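S.K.: After the structure tokens below, expect a handful of questions from me.
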Amino acid sequence: MSELKIGNIVTGIYKTGKYIGEVTEERPQHYLIRVLAVVKHPMQGDLHSPKDADVLVFHERRALSFREQTNIPKQMVKLYDKEVPDYQHSLKEAVEKAKKELTENQTPWAEMSLKMYASLEKDYFK
């Protein structure tokens with residue numbers, strides 16, 4: 001695999017979310033990525049107990065913000081060669097897709113996740 005360069009447009013997986021962004025710096029184990037769009041919204045709840053509602057704290061997981069920078073392990077970063085969608089539009093699509101999948105999943109975790117998305121949407125789409 002060829003090394004990515006600063007300025008390349010890539011996809012990267014960070015925690016449970018997937019983003020489109022620009023490589024702004026290369027580090028020994030990571031690329032520093034500036035977020036331009038959301039492909040997959042992060043899963044709600046406890047990262048250490050995925051899809052479990054019976055946890056001490058059920059965390060609200062926000063998507064990374066437009067132009068926010070984050071370190072993503074090199075193996076989780078791939079070159080992206082399509083047009084970069086608008087951030088707000090991509091965020092809305094990612095949230096809608098996550099909610100659709102949750103409504104098909106009748107579990108306590110899905111119900112709690114849908115409540116988190118309702119709260120997030122009020123903040124995201126004012």
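Every number in this text was worked out from the coordinates using simple rules, so none of it is lab data. The structure displayed is predicted, hence computed values, not measured ones. Cβ placement follows ideal geometry from the backbone for every residue including glycine, while neighbour counts extend to all protein chains displayed.
S.K.: Return Phe125, Phe58 ranked ascending by Cβ neighbour count within 10 Å, so the fewest neighbours appear first.
M.R.: Starting with the residue having the fewest Cβ neighbours, the order is Phe125, Phe58.
S.K.: Given an 8 Å cut-off on Cα distances and at least 6 residues of separation, report the relative contact order of segment 9-126 as a percent.
M.R.: 28 percent
S.K.: Still on this structure, I have one more. Would you mind ranking Thr70, Thr24 by Cβ crowding within 10 Å, fewest neighbours first?
M.R.: Lowest to highest Cβ neighbour count: Thr24, Thr70.
S.K.: Can you give me the long-range amide H partners of His30? Hydrogens built in the peptide plane at 1.01 Å from N, cutoff under 5 Å, separation of 5 or more residues or another chain.
M.R.: Lys74
S.K.: Relative to the present Cα-Cα distance, how much length would full extension add between Lys74 and His48 at 0.36 nm per residue of separation?
M.R.: Result: 7.1 nm gained on full extension.
S.K.: Okay, moving on. Hey, fewest Cβ within 10 Å first, where do Ser90, Ser49 land in order?
M.R.: Arranged by neighbour count, lowest to highest, Ser90, Ser49 become Ser49, Ser90.
S.K.: Then there's this: How big is Rg to Rh over the chain, alpha-carbon atoms, Rh as the Kirkwood inverse-mean-distance radius?
M.R.: With Rg and the Kirkwood Rh in hand, the quotient comes to 1.01.
S.K.: If you put +1 on each Lys and Arg Cβ and -1 on each Asp and Glu Cβ, how big is the dipole of segment 9-124 around its Cα centre, in Debye rounded to 20?
M.R.: Dipole magnitude for segment 9-124 comes out near 160 debye.
S.K.: Next question, about the same structure. Which value at 222 nm does the chain reach when only helices count, each DSSP H run of 4 or more adding -39,500 (n - 2.57), with the total divided by all residues and rounded to the nearest 500 deg cm²/dmol?
M.R.: The per-residue figure over the chain is -9000 deg cm²/dmol.
S.K.: Once you order the gyration tensor axes a ≥ b ≥ c over the Cα atoms, which shape class does segment 81-126 get: rounded for a/c under 1.5, otherwise prolate or oblate by comparing a/b with b/c?
M.R.: oblate
S.K.: Another question, if that's okay. Calculate, for Tyr124 and Glu3, the FRET efficiency according to 1/(1 + (r/R0)^6) with r their C-beta to C-beta distance and R0 30 Å; round to the nearest 0.05.
M.R.: 0.30
S.K.: Then there's this: What number comes out for the charge environment of Tyr124, summing +1 per Lys or Arg and -1 per Asp or Glu over other residues with Cβ under 10 Å away?
M.R.: Cβ neighbours under 10 Å give a net charge of +2.
S.K.: Measure up Lys51/Lys115; Lys18/Lys126; Lys74/Lys100 against 19 Å on the Cα-Cα distance and list the ones that go over.
M.R.: Beyond 19 Å: Lys18/Lys126; Lys74/Lys100.
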